[in-house]
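The values are calculated or read from the model by the stated rules, or taken from the named source; none is laboratory data. Everything quoted here is computed from the prediction, not taken from an experiment. Glycine gets a Cβ as well: all are built from the backbone with ideal geometry, and neighbour counts include every protein chain shown.
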Amino acid sequence: MIRYESQKVARYYLGLALILFCLQVAMGLWLAINYAFTLPQGLVDVFSFATARAIHTNTLVAWMLLGFMGGSYFILPIECKRELFSVKIAYLQLLIFAGTAVTAVIGFLFGWTQGKPLLEIPVPLDFLIVVAALLFVANVAMTIILAKERSIIQWMLLAGVTFLAVLYLFGMPFFKDLNVDYYYWWWVIHLWVEGAWELFTAAIAAFIIIEVTGVERKVVEKWLYVETGLFLFTGLVGTGHHYYWIGSPDYWLWWGGIFSALEPLPVALMVLDTWMHIRERKNPIVNPLLWTYIMGLALFHFLGAGVFGFIHTLPPVNYYTHGSQITVSHGHLAFFGAYALLNLVVFYFAMPQLKGIEKFDDRLGVWGFWTMVTAMIFIGLIFGVAGVLQTYLERILDLGYRTAQMNMMFWFRAVLFFGAIFLSGVLMTVYHLFTLKKAAD
Ligand code: HEM
Ligand SMILES: [Fe+2]
């Protein structure tokens, strides 16, 4: 039931994203085992923690970007009322991106890495990513430029993906002064998740809400302006919350503290915004699971990014919690709540249509959703407990790193337990998405 032939390219993007999602989470379980037990040195020598971590975090970035790109290719034709500018470019770009991702993962196994967390892929491969990104942005831009009707959603999407691509460049050069290197590394990491990706999320969520609810465009777009304005206002200067302890000028304590403390505001508005649209909806809800995912996204986005971000963003708190398991707790809740769920919203919106199914049988998917959401809440809370313990032992009692870790092992075992449950939720969801069937009437 797709409306435009070129939307079909999305199928391969989304499929590959789902496979990498499984790999990412499986690697996460392996990391938890590393923390929960003392492994034999021989094993660590051949497959180190650092390698597993690089695979865990880079496959995370890769599958989410694939989902964003596939999602854009699915949504743009509908929003622009025309085919994509070039299907060939879309396939070529996928080939380059997927080839680079696979090479990067194999490379990690042999120690070929640039060593910057989340962006470990080496510089020659970075250039290939840049080529793929340029093809993508050009394809999106041309499709929008050639569209007969203009909408704010189109422009926000274009702004989001262009901003995303440009920022990637700042992670490529290596500065010998590590302070400088980290300064720019944050431009990628922070300005991605709290800038470019938020724009993208706002645009995609708005589009899907309009499609599903039939709420008037004007109503949704009005909110988009407010949210975007606020995101840029708080998110850009909010970068300062990463400059407290890396040798940057100390005015960042104030700037970063105040602006980043305001960051939950736009996210909260998104929740409110979704809520209003639900009340004003006109269309009947055909697929309740997609609906559940949209509300899950709104609430979990607020919890993980807004609440758990705010908790440790002020300098007097961050002084103690910086780089601890508290950071890990927030990282998991925020990435899952905002971007894993956004991607899943896109998958549950697009994949039934790609299969020509209007109303799908959602039983397994419902199990998948609740298993993942419940397990992730526990994972976040347990990392949080480990983090409070770590902060107390290491930074208040001044005990050594290893002593603190030994005292935290129980909590890592608990994370391992809930991680296994989370993985089962992921497998259910991915299997469900790959084998979607019509609902029995
Ligand atoms: C969806 C949006 C967000 C995502 C995906 C996200 C993700 C992350 C991740 C992965 C880290 C760890 C980076 C590292 O040290 O390697 C981090 C750090 C941090 N985040 Fe977020 N974040 C988001 C939004 C926010 C918001 C809105 C706030 C503030 C209100 C915030 C506050 C912080 C702070 C203060 C740190 C530094 C922690 C430390 O000093 O160790 N984040 N975030
Ligand atoms: Fe940040």
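Among the residues of region 222-239, the ones that are more than 16 Å from ligand 2 (Cβ to nearest atom) and β-branched (Val, Ile, Thr) come to 2 in all. Tell me yes or no: at least one residue of region 201-218 is polar (S, T, N, Q), within 11 Å of ligand 1 (Cβ to nearest atom), in a helix (DSSP H, G or I) and touching an Asp or Glu at 6+ places or on another chain (Cβ under 6 Å). No.
Can you tell me which residues in region 178-209 are of a type in the set (A, V, I, L, M, F, W, C) and touching a residue at least 60 places away in the same chain (Cβ under 8 Å)?
Within region 178-209, 185, 188, 189, 193, 197, 200, 202, 204, 205, 207, 208, 209 qualify.
Residue 73 satisfies every condition listed in (1) part of a helix (DSSP H, G or I); (2) at pLDDT below 95 except (2). Filtered by the rule that a residue be farther than 24 Å from residue 273 by Cα, more than 9 Å from ligand 1 (Cβ to nearest atom) and surrounded by 22 or more Cβ atoms within 10 Å (Cβ to Cβ), region 295-332 gives 325, 329.
Of the residues that sit in region 169-190 and are assigned to a helix (DSSP H, G or I) and either in contact with a strand residue (DSSP E or B) (Cβ under 8 Å, 6 or more places away or on another chain) or away from ligand 1 (no atom under 16 Å from the Cβ) (or both), which one is farthest from residue 206 (Cα to Cα)? Outline the logic, then answer.
Start the filter on region 169-190 by keeping residues that are assigned to a helix (DSSP H, G or I), which leaves 169-171, 178-190.
Narrowing further to those that are either in contact with a strand residue (DSSP E or B) (Cβ under 8 Å, 6 or more places away or on another chain) or away from ligand 1 (no atom under 16 Å from the Cβ) (or both): 169, 180.
Details: 169: 28, 180: 37 Å.
Across region 169-190, the extreme among qualifying residues is 180.
Using beta carbons and a limit of 9 Å, which pairs, at least six apart or on different chains, have the first residue in region 408-423 and at pLDDT 95 or above and the second one outside any helix (DSSP H, G or I)? Pairs that qualify, where the first residue is at pLDDT 95 or above and the partner is outside any helix (DSSP H, G or I), are 409/37; 409/38; 412/37; 413/37; 416/37.
Tell me which residues, restricted to region 244-262, are in contact with a Pro (Cβ under 8 Å, 6 or more places away or on another chain) and in contact (Cβ under 8 Å) with a residue 60 or more places away in the chain. It would help to see each step written out before you state the result.
Step one: of region 244-262, the residues in contact with a Pro (Cβ under 8 Å, 6 or more places away or on another chain) are 244, 253, 256-257.
Those that are in contact with a Pro (Cβ under 8 Å, 6 or more places away or on another chain) and in contact (Cβ under 8 Å) with a residue 60 or more places away in the chain: 244, 253.
Region 303-352 holds helices (runs of 4 or more DSSP H) entirely within its bounds, and those carrying 2 or more residues that are more than 14 Å from ligand 2 (Cβ to nearest atom) map to 315-321, 325-334. Checked against the criterion of being within 19 Å of the chain's Cα centre (by Cα) and either at pLDDT 95 or above or part of a helix (DSSP H, G or I) (or both), the candidates 156, 142 yield just one match: 156. In the condition set (1) under 23 Å from the mean Cα position of the chain (by Cα); (2) under 26 Å from residue 73 (Cα atoms); (3) not in a helix (DSSP H, G or I), residue 283 is compliant with all but (1).
For region 110-129, a tally of residues being outside any loop (DSSP other than H, G, I, E, B), surrounded by 15 or more Cβ atoms within 10 Å (Cβ to Cβ) and touching a residue at least 40 places away in the same chain (Cβ under 8 Å) returns 1.
Can you name the residue in region 177-221 that is among the charged types (D, E, K, R) and modelled with pLDDT of 90 or more and, of all such residues, is farthest from ligand 2 (Cβ to nearest atom)? Give the derivation first.
If we filter region 177-221 for residues that are among the charged types (D, E, K, R), which is where we start, we get 177, 181, 194, 198, 211, 216-218, 221.
Applying the additional criterion that residues be modelled with pLDDT of 90 or more yields 177, 181, 194, 198, 211.
On the way: 177: 22, 181: 17, 194: 5, 198: 11, 211: 31 Å.
Applying the filter and picking the extreme gives 211.
When the criteria are applied in full, residue 244 meets the requirement of being under 25 Å from residue 180 (Cα atoms) and either within 16 Å of ligand 2 (Cβ to nearest atom) or assigned to a loop (DSSP other than H, G, I, E, B) (or both).
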